[in-house]
1. Nearest 20 debye, what's the magnitude of the dipole of segment 259-385 about its Cα centre given +1 on Lys and Arg Cβ and -1 on Asp and Glu Cβ?
2. In the Gaussian network model of the chain, springs joining C-alpha atoms below 10 Å, which of 84, 354, 342 carries the largest mean-square fluctuation?
3. Give me the extension gain from residue 70 to residue 35: residue separation times 0.36 nm, minus the current Cα-Cα distance, reported in nm with one decimal.
4. Along the charge dipole of the chain, pointing to its positive end and built from +1/-1 on Cβ of Lys, Arg, Asp and Glu, which listed residue (299, 149, 372) has its Cα farthest out?
5. With unit charges on the beta carbon (Lys/Arg positive, Asp/Glu negative), name the residue among 268, 309, 182 whose Cα is farthest towards the positive pole of the charge dipole of the chain.
6. Could you size up the charge dipole of segment 27-96 around its Cα centre, putting +1 on the beta carbon of Lys and Arg and -1 on that of Asp and Glu, and report it in debye to the nearest 20?
7. Please report, as a whole percent, how much of the solvent-accessible surface of the chain comes from carbon and sulfur atoms (probe radius 1.4 Å).
8. Tell me the net charge near residue 187. Cut-off is 15 Å between Cβ atoms, residue 187 excluded, with +1 for each Lys or Arg and -1 for each Asp or Glu.
Amino acid sequence: MNNSTIKIVYCTDDLYGPGGMQRVLSLKASYLADVLGYDVTICLTEEKGRPLFYPLSSKVHVVNFDINFYRMYDHTPFPLKVLKYKLYMRRYKKMLSQKLIELRPDITVSLLRKDINFINSIKDGSKKIGEIHFDKSNYRIFKGPLPAFICNMISRQWMKQLIKQLRKLDTFVVLTNEDLENWTELNNVICIHNPVSFDNIPVHSSSTSKKVIAIGRYTYQKGIDLLLQAWQKVSQRHPDWELQVFGDGARESYLQLAENLNISHSCHLNPPTNKITDKLIESSIFVLSSRYEGMPMVLGEAMAHGLPPVSFTCPCGPRDIIMDGENGLLVENGNIDQLAEKICYLIEHEDIRKEMGKNAIQNIKRFYIKNIIPYWDELFKKTVK
């Protein structure tokens, strides 16, 4: 089958948020439609009418069922949430089933949101593929107003149900080779890396400014608290350097932590910016302090701008991207002292910093969209054969 006739439907929550999953889907769908001639539709559940955060090709069709699961979680007692969830899911299954039967796609791709619970039962004739943007160890973790042992029991059951659905897929795609090894229950799983959203950057960092940059939400996952503790040590040795952090989320507790650590003068906790390219080029070192990731897009994007990264070896992603000592430095996950030490190493060795930055630019090209999409194109063609 010629790929110009392949019809694909993606199922996910939203495209109005600034997250990595929204960015990757917008990038891939646009490339498939514009460059490879695929017929692409994206089905959403959240906040119809809100503008899309990332650019999306006009050739990509967007359908929004406007179910709004997210709103369900606001100020609702737990028992009522359970009831509302079941009602919302019934509505979603009905609407998605009707749309898929109407569109008759060759392939339906689930981004493992709520649709994964029923998508295999929809008899629309399409092949079913799943792709996950998280690592297994941090997916389907139940957090509720219940004792820990009950939450753990629910999490295990929840994962068991997921595995049952994943086995029914034609193919299940994970983002890293590291995570690939975790899905031992499956024999239909493959790895395709996420692409970086920047391609052929015309201007790169000179690695001469006294600035370190980090980008990520102000949440437990992103480990900004660990970074601030490390920066206290860095700042004592190099008071003329500054740390710039950019991200959304609740900054207040992190601003307070910076104050408590006495680093507010050299540590700037900023909201998100639409000029992140400029901020990367102005910096000399990139730091990833996450406790866990799926495939950290921002790491590759920083490297594409010529920044050598210092990153925790968190699950999953950094070990697939960074060649330790060549295009960046890896740090034992959660080791604050080692994180500080390796940031200081790049600060104190400008020649090595610049060399790693140059290597990063070259090495990250394997994650350019034009080098990643052929894997998806091959998978889709093989699936509809």
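The values are calculated or read from the model by the stated rules, or taken from the named source; none is laboratory data. Source: prediction; values computed, not measured. So basically every Cβ, Gly included, is an ideal-geometry build from the backbone, and we count neighbours across all protein chains shown. Quick note on the areas: whole protein, heavy atoms, side chains included, nothing else; ligands and nucleic acids left out. Shrake-Rupley method; radii C 1.70, N 1.55, O 1.52, S 1.80 Å.
1. Details: 14 positive and 17 negative charges, 159 e Å.
Here the size comes out at about 760 debye.
2. It is 84.
3. Using 0.36 nm per residue and subtracting the Cα-Cα distance, I get 9.2 nm.
4. 149
5. 182
6. Details: 12 positive and 6 negative charges, 93 e Å.
Dipole about the Cα centre, nearest 20: 440 debye.
7. Details: 8950 of 17380 Å².
Carbon and sulfur: 51 percent of the exposed surface of the chain.
8. Details: positive: 164, 167, 168; negative: 170, 181, 185.
That works out to 0.
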